[in-house]
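The block underneath contains the structure these notes are about, expressed in structure tokens.
Just so it is clear, none of the values below were taken in a lab; they were calculated from the coordinates. In this text, all values refer to a predicted model and were calculated from it rather than measured experimentally. With ideal geometry, Cβ positions are generated from the backbone for all residues, glycine too; neighbour counts draw on all protein chains shown.
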Amino acid sequence: MKDQTPPSFDENTLAQDDQSNAPFITISELSSRLKATVEGAFDYVRVRAEISRPTRAPSGHLYFTLKDERSTLAAVCWKTMAGNLAIQPEEGLEVICSGKLTIYPGQSKYQIVVSQMELAGEGALLKQLEERRRRLAAEGLFADDRKKALPQMPSVIGVVTSPTGAVIRDILHRLHDRFGVHVLVWGTLVQGQNAAPQIAAAIRGFDAMPADAALPRPDVLIVARGGGSLEDLWAFNDESVVRAVADCTIPVISAIGHETDTTLIDYASDLRAPTPTAAAELAVPVKVELAARLNEGQARLQRAVSRRLEMAGELLRSSARALLDPAEVINRRGQALDLAIAGLNNTLDSKLTGCELRLAGLAGRVRPPERRLAEVGAEVARQEERLAQLMDHHLTKRGQSVDALEKLLQANSFERVLERGFALVTDASGKPVKRAEEAEDGATVTVRFADASRQALLDREGEVSTPRKSPPARTQKPVQKSKVDDSQDSLF
């Protein structure tokens with residue numbers, strides 16, 4: 001498309017009535033011209049703002065928003081630049097971003113392409129540090145019950161620090177002077193964007209070493225760095241480093257900066273040293289002092305043993321003086337035995353004499369057993385005779401009671417009732433018929449008299465007929481229907 005001069009957008013031009021001669025352009029061309037205008041007017045800018053909604057895309061690019069009290073600005077940091085940033089974008093972090101201002105034609109919005117990022121002053125760093133400290137403390141990473149005791153005499157010391165510089169030289173020199181131990185150095189960066197990942201990896205690497213490997217596993221770790229500003233020591237405030245120290249099963253001594261410098265790993269470590277040199281002094285004892293203490297302890301032990309041996313010898317000598325001659329001891333014991341035997345004989349004689357006297361006295365008081373047996377036999381005979389009389393009387397009374405009950409039972413039996421002129425009427429199932437309404441018309445009933453039973457057929461109320469095929473039990477006079485006994489009529 002041929003280049004055209006862009007139209008003027010002043011108010012006079014817009015106020016003209018006839019706009020039909022104004023040239024037109026496409027949206028893409030307009031976006032391109034605006035992009036060129038903005039990028040030409042703003043070459044390189046530095047913006048101070050607060051980070052909002054930071055996002056890392058799968059491609060590795062960083063997208064976030066910069067805002068202040070009244071405005072927002074979209075920001076992007078390409079993957080090639082994101083790894084070189086001094087700090088990583090976090091929500092609410094106040095930073096100063098440097099980069100080029102540009103327009104993204106696809107969405108017609110302007111944005112800043114960030115190439116550098118730094119915290120906006122030490123106050124912002126301290127605020128972020130305090131917020132992170134409170135959050136990690138709430139998780140219990142700084143609790144005292146997580147602290148591990150240092151071994152008294154470690155054989156291997158692991159050091160995480162820069163492999164060059166004064167710090168590692170001071171630590172090695174101090175360890176060599178105090179106590180000759182095996183030292184493993186894991187070199188890392190101690191400042192900058194890549195320092196925190198390397199430090200965390202070194203701590204976890206030492207912790208993952210097996211105890212029975214060819215390379216010995218450290219008994220104590222020292223994480224050290226020299227002094228510096230808050231920004232210089234920021235890697236030791238990184239959350240990944242703090243969690244690596246808290247999770248480490250090997251006791252960790254932190255020695256970051258000077259005595260006045262405090263980082264977050266100082267809270268998570270098992271012991272904080274004011275300086276790297278002090279960390280070496282805390283890790284191992286002084287060999288000369290330890291040898292002196294051992295010699296002093298050995299001397300005290302020897303003196304104590306000598307005193308105990310001397311006391312035991314004196315006790316043995318005094319005990320020996322107190323011992324008598326064995327022959328004299330035997331003679332004395334023999335004399336005592338003779339006296340005891342003589343006394344025992346006298347005692348036995350007197351005891352026997354006393355027993356004989358008591359036995360004679362008791363013999364006069366004892367009655368002959370024949371007389372006692374005769375008395376007991378007579379008493380037994382009297383008791384047997386009395387028992388026999390009681391049994392006869394009891395059986396007589398029981399027999400009289402049984403006879404009376406038998407007579408009462410016979411008098412109340414239903415056979416006696418039948419002999420008095422009554423009869424027992426039962427239905428076909430043998431159940432007694434007690435009332436007239438219990439017998440249906442035409443039913444066959446059995447009438448039991450005192451001497452025999454007869455069957456009868458009920459025709460209707462008040463009449464009784466004998467069934468046609470009723471076998472006679474014995475020869476009797478026929479029953480007259482019209483001459484039924486009043487007493488029998490009451491039974492039906």
Can you list the HN-Hα couplings for region 310-316, worked out from phi with the Karplus curve (6.51, -1.76, 1.60; θ = phi - 60°), rounded to whole Hz and with x for Gly and Pro?
5, 5, 5, x, 5, 5, 5
Could you tally the net charge around Ala378, taking each other residue with its Cβ under 15 Å from the Cβ of Ala378, Lys/Arg +1 and Asp/Glu -1?
-1
Most exposed first by the Cβ proxy, i.e. fewest other Cβ within 10 Å, how do Met209, Met311, Met117 rank?
Met311, Met209, Met117
If the convex hull is drawn through the Cα atoms of region 156-284, its volume per residue in Å³:
89 Å³
Given axes a ≥ b ≥ c from the Cα gyration tensor, I'd like to know whether region 176-220 is rounded (a/c under 1.5), prolate (a/b larger than b/c) or oblate.
oblate
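Mind checking the full-extension length gain between Arg135 and Leu294? Use 0.36 nm per residue of separation minus the Cα-Cα distance, one decimal, nm. The partial results should precede the final answer.
Values: separation 159, 0.36 × 159 = 57.24 nm, distance 4.71 nm.
Difference between extended and current length: 52.5 nm.
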How far is helix 122-138 tilted off the main Cα axis of the chain, in degrees rounded to 10, range 0 to 90?
20 degrees
Virtual spin-label span in nm between Ser240 and Arg70, 7 Å along Cα→Cβ:
4.0 nm
Simple label model, 7 Å out from Cα along Cβ direction - Gln455 to Phe24, nm
13.0 nm
Which GluC sites (Glu not before Pro) in region 67-128 pass both tests, a DSSP loop state and at most 13 other beta-carbon atoms within 10 Å?
Glu69, Glu90, Glu91
Using Cα positions and a limit of under 14 Å, work out the aspartates and glutamates in reach of Lys407, with same-chain residues fewer than 8 apart set aside.
Glu415
Put +1 on the Cβ of every Lys and Arg and -1 on every Asp and Glu Cβ in region 27-182; which of Gly106, Gly158, Phe64 then has its Cα farthest towards the positive end of the dipole?
Gly158
Considering the values [x] -0.74, -1.03; [y] -0.84, -1.07; [z] -0.98, -1.04, which represents log10 I(q)/I(0) by the Debye sum over Cα atoms at q = 0.09, 0.11 Å⁻¹ as calculated for the structure under consideration?
[z]
At 0.36 nm per residue, and after removing the present C-alpha to C-alpha distance, how many nm does the segment from Arg332 to Ala381 gain when stretched out fully?
10.4 nm
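Stokes-Einstein D for region 26-120 at 25 °C, 0.890 mPa s, Kirkwood Rh over Cα pairs, in µm²/s?
179 µm²/s
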Over what distance in Å are the Cα centres of region 138-155 and region 293-363 separated?
62 Å
Given +1 on the Cβ of Lys and Arg, -1 on the Cβ of Asp and Glu, and no further charges, what dipole in debye does the chain carry about its Cα centre, rounded to the nearest 20?
2600 debye
List, in order, the whole-Hz ³J(HN,Hα) value for each residue of region 165-173 obtained from phi through the Karplus relation with A = 6.51, B = -1.76, C = 1.60 and θ = phi - 60°; use x for Gly and Pro.
x, 6, 5, 5, 5, 5, 5, 5, 5
Nearest-ten-degree value, helix 326-365 long axis tilted from longest Cα axis of the chain
30 degrees
For every helix of n ≥ 4 consecutive DSSP H residues, a contribution of -39,500 (n - 2.57) applies; sum these over the chain, divide by its total residues, and give [θ] at 222 nm rounded to the nearest 500 deg cm²/dmol.
-14500 deg cm²/dmol
Just tell me which aspartates and glutamates come within less than 20 Å, Cα to Cα, of Lys148; anything on the same chain fewer than 8 places away is out.
Glu139, Asp207, Asp219, Asp247, Asp266, Asp270, Glu281
Does region 314-382 classify as rounded, prolate or oblate by the C-alpha gyration tensor (a ≥ b ≥ c root eigenvalues; a/c under 1.5 gives rounded; else a/b over b/c gives prolate, otherwise oblate)?
prolate
One finds, for Ile341 and Leu309 with R0 = 60 angstrom and r their Cβ-Cβ distance, a FRET efficiency to the nearest 0.05 of 0.80
Along the Cα→Cβ direction, 7 angstrom out, place labels at Gln152 and Leu189. What is the inter-label distance in nm?
4.3 nm
Cα centroid separation, region 80-127 to region 217-235 (Å):
28 Å
Overall form of region 153-232 per C-alpha gyration tensor (a/c, 1.5; a/b vs b/c)
oblate
Summing +1 for each Lys or Arg and -1 for each Asp or Glu, what net charge is found among the other residues whose Cβ lies under 14 Å from the Cβ of Ala340?
+1
